[in-house]
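Asks: Got a structure for you, written out below as structure tokens; questions coming shortly.
The values are calculated or read from the model by the stated rules, or taken from the named source; none is laboratory data. Keep in mind it's a predicted model, so treat the numbers as computed, not measured. Please note: Cβ atoms are built from the backbone with ideal geometry, for glycine as well, and neighbour counts cover all protein chains shown. All accessible areas refer to the heavy atoms of the entire protein, side chains included, with ligands and DNA or RNA removed. Shrake-Rupley method; radii C 1.70, N 1.55, O 1.52, S 1.80 Å.
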Amino acid sequence: MPEESPETAFERRIVSVLFADLVGFTSLSEQLDPEDVATVQDAYFATVRETVARHGGVLEKFIGDAAMAVFGVPKARDDDAERAIRAGLALVGAVELLGARLGLATGDAGDAGLQLRVGVNSGEVVSAESGPDAGRVTGDTVNLAARFQAAADPGTVMVGELTQLSAADAVEFESIGALELRGKAEPVPAWRVQRLRPERSREEALGNLRAPLLGRADELARLESVLNRVAERREGGSEVIVAPPGVGKSRLLTEFESRAKEAGATVLRARVRADVLGPTEPVGQLLLAALRTLDGASREAVPEALDRALNGAGASPGRAAVVTAEVIETLWPPPVVAGAVPPDRDARFGAWLEALDALAGEQLSAWLIEDIHWAGGDLLAFLALAGTWPARAGRMVVATARPSVLEHLAEGTSVLELPPLPALEASELIRALVGDALPDAVVTAVAERSDGNPLFIEELLRSWISSGTLVADGEGWRLAVAPEAVALPATVQAIYAAQLDDLPAPARLIARRASVAGRRFAGRALEPLDVPEPAEGLERLRQRAFLRGPESDMTGDDIYAYRHALLRDAGYASLSRAERGRLHLALAIWLEQTAGTDVARVAEPIASHYEAALAALPGVGGDPDERLRLTDAARSWLERAADAALAVAGHDAAIGLLGRAADLAAGD
């Protein structure tokens with residue numbers, strides 16, 4: 001006898017149903033090779049699975065290139081409608097980014113690329129609780145969600161009445177009136193999602209989440225020991241903290257800064273940038289920081305402030321004048337004169353050291369320089385000298401870098417390699433951030449998946465707060481989903497990609513396009529990057545601590561910076577090659593037009609943008625005249641940047657820049 005099918009148990013539930021469907025995928029498939037179609041589908045399906053799970057939904061099924069998900073099974077929550085809407089918006093953003101990564105983003109000719117329509121509807125369904133169809137939901141609520149999806153414009157989320165009422169306190173909607181929908185006797189009211197309302201508590205929670213320092217007692221003790229030694233012997237000392245991204249270099253540096261200040265040291269901080277603004281620009285940061293301690297950081301006040309400091313250090317009037325001239329030329333380089341004799345690098349190094357020591361007076365100095373893996377040979381040579389040269393009251397140089405710096409450091413450099421956190425400390429870090437919100441099994445799983453990387457832990461918790469997996473509960477946090485429903489991404493890059501997906505459209509546009517300018521960018525640079533009315537998006541990114549700023553730089557611009565370099569990298573990776581090329585070219589032209597007398601300072605960034613635009617051209621086909629124009633522009637600006645580097649004694653930088661220009665000229 002055939003086996004009897006197990007009896008199915010049904011239950012009536014109130015849920016929110018999400019339908020999502022790719023727009024025009026059938027016609028797009030006709031234009032692609034079958035293997036390319038399979039690649040797109042696999043990436044799309046994976047994106048849907050991850051996004052739905054991250055927002056606490058259950059993926060019910062795929063129907064061709066459409067997907068159906070349910071929020072409210074197996075357990076209902078009071079924010080199921082909001083979760084479904086957030087998932088819908090994140091899916092729209094994720095598919096947009098997916099299209100860009102696969103080269104299917106909207107182009108200048110108006111091709112549709114990859115776009116998504118989403119419909120969400122809330123109401124009563126019949127849910128199969130057991131048997132072969134466990135998890136299946138049926139009812140008119142499901143049918144209406146599918147109809148809303150079909151009626152939505154590409155790139156939008158359309159919802160029904162109960163969904164709109166349930167999420168009105170968290171989401172802004174636009175009424176689109178009553179729709180005539182297939183199968184419905186009467187018109188059905190519908191709303192289009194406009195944006196998420198600013199949720200101050202959640203945004204502030206995202207922005208305020210900060211990892212405490214754990215498991216670094218030995219490393220701190222070593223740094224303090226060196227500081228005490230240089231103070232006692234009045235000599236130079238240095239340590240280079242080396243670790244991969246996210247292990248905690250900057251956090252350790254910040255803690256050491258507090259200890260150094262407690263010891264009475266004058267602390268000067270600088271950061272080396274990937275988008276180089278001159279080979280010695282970080283030295284200018286140190287000089288300005290030192291001058292600010294004497295209220296002498298303005299161009300008019302520098303000569304008097306330096307003269308007082310140098311006289312106090314015993315310098316002769318003639319020597320003081322020489323040092324002051326070197327400092328002013330470093331901070332405000334004069335126009336580059338072709339063929340001029342470059343300054344002596346060693347003499348300039350000596351002047352910088354003399355000025356910085358004089359500005360410190362009788363106080364111990366601690367120079368903290370981040371990201372020297374981006375530094376050229378000139379800066380590394382100066383820092384090596386500063387770490388060994390005698391000082392009036394002691395001078396300690398502490399730098400951070402990724403492991404790639406090791407092959408460029410001078411022989412004998414003291415390297416402090418920062419290991420990943422042990423499992424126990426990683427678990428303690430999770431508890432320190434969110435208390436007892438996570439059960440032991442989840443804490444252990446996160447600690448193991450993080451592989452001792454504090455950045456992974458911090459950013460994963462940010463993502464869970466953003467998606468509502470972790471919610472504020474009085475003075476602490478609570479897990480809003482079943483522990484077994486918590487999904488763990490593989491890498492911190494995957495976490496950042498998810499955070500990018502979850503941003504509202506205006507903020508996501510800025511996070512992606514501003515990445516072309518580098519980790520730091522001027523607010524006014526968003527204009528050539530084609531970001532209209534950026535105020536709302538910048539504020540949302542600032543609230544979430546996606547960006548830091550604004551801060552004023554030497555030119556008076558409002559400067560914003562990505563919270564972490566990998567966050568900037570996630571935005572950049574989401575851009576298609578064609579979009580990268582277009583934006584790099586626009587930024588190069590804008591810098592040329594706005595540089596004015598500061599053109600020498602931005603010659604290398606201009607050259608780099610032209611190089612990037614050139615690299616983004618198609619490998620096969622394309623306009624040969626455009627390739628020639630970009631090659632000539634990049635080569636010309638590299639040569640101008642080399643002249644600017646020589647003018648500030650950047651010998652190694654000039655050699656590298658001329659080498660890049662020669663590579664472009666190969667075969668010419």
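Asks: Choose one of Pro618, Leu630, Ala607: the residue whose Cα lies farthest towards the positive end of the charge dipole of the stretch 572-644 (beta-carbon charges +1 Lys, Arg; -1 Asp, Glu; about the Cα centre).
Replies: Highest projection toward the positive end goes to Pro618.
Asks: If Lys and Arg each add +1 and Asp and Glu each add -1, what is the summed charge of the other residues whose beta carbon sits under 13 Å from the beta carbon of Ala66?
Replies: Cβ neighbours under 13 Å give a net charge of 0.
Asks: Taking a ≥ b ≥ c as the square roots of the eigenvalues of the Cα gyration tensor of the stretch 229-297, is the shape rounded (a/c under 1.5), prolate (a/b larger than b/c) or oblate?
Replies: It comes out oblate by the Cα gyration axes.
Asks: Could you calculate the FRET efficiency of Asp33 with Phe62 from 1/(1 + (r/R0)^6), where r is the beta carbon distance between them and R0 is 25 Å, rounded to 0.05?
Replies: Once the sixth-power term is evaluated, E becomes 0.70.
Asks: If you place +1 on the Cβ of every Lys and Arg and -1 on the Cβ of every Asp and Glu, how big does the dipole about the Cα centre of the chain come out, in debye to the nearest 20?
Replies: 1100
Asks: Any idea of the accessible area per residue across the chain, 1.4 Å probe, to the nearest Å²?
Replies: 44
Asks: Now for a separate question. Grab the beta carbon distance between Ala76 and Ala487, set R0 = 25 Å, and tell me the FRET efficiency rounded to 0.05.
Replies: 0.80
Asks: Report, to the nearest whole %, how much of the accessible area of the stretch 322-464 belongs to carbon and sulfur atoms, 1.4 Å probe, protein only.
Replies: Whole-percent figure for carbon plus sulfur exposure: 56.
Asks: Scan the chain and hand back the longest stretch that contains none of the GluC sites (Glu not before Pro) lying in DSSP loops with at most 11 other Cβ atoms within 10 Å.
Replies: 476-668
Asks: Please report how far the C-alpha centroid of the stretch 603-648 lies from that of the stretch 37-78, rounded to the nearest whole angstrom.
Replies: Each part reduced to its Cα centre gives a spacing of 44 Å.
Asks: To the nearest 20 debye, what charge dipole does the stretch 134-198 have about its Cα centre, counting +1 at the Cβ of each Lys and Arg and -1 at the Cβ of each Asp and Glu?
Replies: 220
Asks: Same structure again: At a probe radius of 1.4 Å, what is the per-residue accessible area of His408, in Å² to the nearest 10?
Replies: Surface open to solvent at His408 totals about 110 Å².
Asks: About the Cα centre of the stretch 339-496, what is the dipole size in debye to 20, counting +1 per Lys and Arg Cβ and -1 per Asp and Glu Cβ, all else neutral?
Replies: Dipole about the Cα centre, nearest 20: 240 debye.
Asks: Leaving ligands, DNA and RNA out of it, report the carbon-plus-sulfur percent of the accessible area of the stretch 481-597 at a 1.4 Å probe.
Replies: 53
Asks: Moving on. How much of Ser175 can a 1.4 Å solvent probe reach, expressed as accessible area in Å² and rounded to 10?
Replies: Only protein atoms counted, so the area is about 80 Å².
Asks: Still on this model: On full extension of the chain, what length is gained from Asp295 through Asp344, given 0.36 nm per residue of separation minus the C-alpha to C-alpha distance?
Replies: My answer for the length gained is 14.7 nm.
Asks: What does the charge add up to near Thr293, with Lys and Arg as +1, Asp and Glu as -1, over the other residues with Cβ less than 14 Å from its Cβ?
Replies: Neighbour charge sum, excluding Thr293 itself: +1.
Asks: Please compute the modelled spin-label separation between Thr444 and Glu304, points set 7 Å along Cα→Cβ, answer in nm with one decimal.
Replies: 6.8
Asks: In what order, largest first, do Asp21, Asp643, Asp451 sit by accessible area if the probe radius is 1.4 Å?
Replies: Greatest to least solvent exposure: Asp451, Asp643, Asp21.
Asks: According to a simple spin-label model (label point 7 Å from Cα along Cα-to-Cβ), what is the distance in nm between Lys261 and Ala535?
Replies: 3.3
Asks: How much FRET efficiency would the formula 1/(1 + (r/R0)^6) give for Ala472 and Ala578, where r is the Cβ-Cβ distance and R0 is 35 Å, rounded to 0.05?
Replies: The formula returns an efficiency of 0.25 here.
Asks: Separate question: So, in nm, how far is label Ala185 from label Asn228 when the simple model puts each one 7 Å beyond its Cα toward the Cβ?
Replies: 8.7
Asks: As a check on your grasp of the helix formula, calculate [θ] at 222 nm for the chain: sum -39500 (n - 2.57) over DSSP H runs of n ≥ 4, divide by the residue count, round to the nearest 500.
Replies: Here the helix-only value at 222 nm equals -15000 deg cm²/dmol.
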